[in-house]
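Inspection log for the structure reproduced underneath, given as structure tokens.
No value in this document is a laboratory result; all are computed from the given coordinates. In this text the structure is predicted, and so the values were computed from the model without any measurement. Cβ: placed from backbone, ideal geometry, glycine included. Neighbour counts: every protein chain shown.
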């Protein structure tokens, strides 16, 4: 059972003239031979084109390489998956039984691919302006929120730059705990900034990820993000 | 001195409302700070989108991966450079003196980038349909000519598949000559297909390249390409 398609059309802001395109975009390859893989190919390219245009217009001073980096940060599995979850896309997907049972309707790769397929379907259904409208509606908030000064830099780099600009010395990272079983360990790292008397912890499924999380927590406190 | 822009507009099939966009698309970074690099970013994405749509429509049976491979064969520096040369784009470019003197107006990377910039300029000037029109006009012949059965496969693979389908045994490759000086050697390889009594030679600047050339000659004879 999939949810009512009209409600999805309302969420993405496009009513399909060719409903079969919408249905195809929601069909995973595990469900039928006529699935969304070809539409995903098309959707990926129209998505990159529309987001490229949005960034080109918004950031008049940025060079080509910076625009490419911003786009890569906006158009990736994680960001697409977030958008897909926001519109509840998983409930509309047609998946094979195996995928359905193993949680495919909430799997990031399946959600991201289906969202791209939706963009491709709108493009085929009513041309570039239709795809542009859907993409601007769904991806627009992320484009507006993007900060070209911090994008592409990880938390440790941001924190280090913030501290160096204020001559506060480098932070120190200490592994303080490793918990969980061998195949699912959780690392806890503490980021210490002696000059400011600040200590922040972060966790992750690798030491590196935990360091980034700890640095992010420290940076958020210091830079007020 | 650059050539008359109206003649270029006629060749690409788009008359610019905003002539400054056309001028910017033809300006290399060696000439001015206001150059074509940002337009190239935009042009690359609209080019991939339009060629993606052309391939999607033309090859209804191909899967996503095959469509991507075909597009990569159509959209690359070499193919873009060929199109740029066909429309005489080099004569319209604005290059810094150094680039001009060192033959920049015929350099593949500069020509390919400028062509992408032109696509981006048409996109900004009059929207997606304008860019689509220019791209279809200039890239259309290559899309029509493309053969999905041979794209992405090298000559040795094609020949082997052709022979296996007919149970004719594998070809044998023999190095028959190496000529030229150490830094410019020319290899000659003979491709022998005993079952058919066929022998074809090929040359190249490596043994591998000569084998491919020989296989290509044999395949051309057998498959009639």
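Largest mean-square fluctuation among A:27, A:179, A:188, in a Gaussian network model of chain A whose springs join Cα atoms under 10 Å apart, belongs to A:179. The convex hull of the Cα atoms of the stretch B:155-223, projected and averaged over all directions, covers 4.0 nm².
Relative to the dominant Cα principal axis of chain B, helix B:108-126 is inclined by about 50°.
The ranking of B:125, A:44 from fewest to most other beta carbons within 10 Å of each one's beta carbon is B:125, A:44.
For the protein assembly as shown, what percent of Cα pairs sit more than 33 Å apart? For the protein assembly as shown, the share of Cα pairs beyond 33 Å comes to 55 percent.
Seen against the Cα atoms of chain B and their longest principal axis, helix B:207-223 is set at about 80 degrees. The stretch B:86-129 and the stretch B:154-225 have Cα centres separated by 38 Å. Neighbouring Cβ atoms from other chains, within 10 Å of the Cβ of residues in B:31-41, number 3 on average.
Report the residue, chosen from A:121, A:130, A:32, that carries the largest GNM mean-square fluctuation when chain A is represented by alpha-carbon nodes joined by springs under 10 Å. Greatest mean-square fluctuation among the candidates belongs to A:32. Over chain A, DSSP H runs of length four or greater, each weighted -39,500 (n - 2.57), average out per residue to a 222 nm ellipticity of -18000 deg cm²/dmol. In degrees, nearest 10, range 0 to 90: what is the angle between the Cα axis of helix A:128-145 and the longest Cα principal axis of chain A? Result, in degrees: 20. Among A:31, A:92, the order by Cβ neighbours within 10 angstrom, fewest to most, reads A:31, A:92.
According to the Kirkwood expression over distinct Cα-Cα pairs, how big is the hydrodynamic radius of the stretch A:65-135, in Å? Here the Kirkwood hydrodynamic radius works out to 13.1 Å. Grouping the Cα pair distances of chain A into 5 Å bins from zero gives a pair-distance distribution of 1, 7, 12, 14, 13, 12, 12, 11, 9, 5, 3, 1, 0 percent in increasing distance order.
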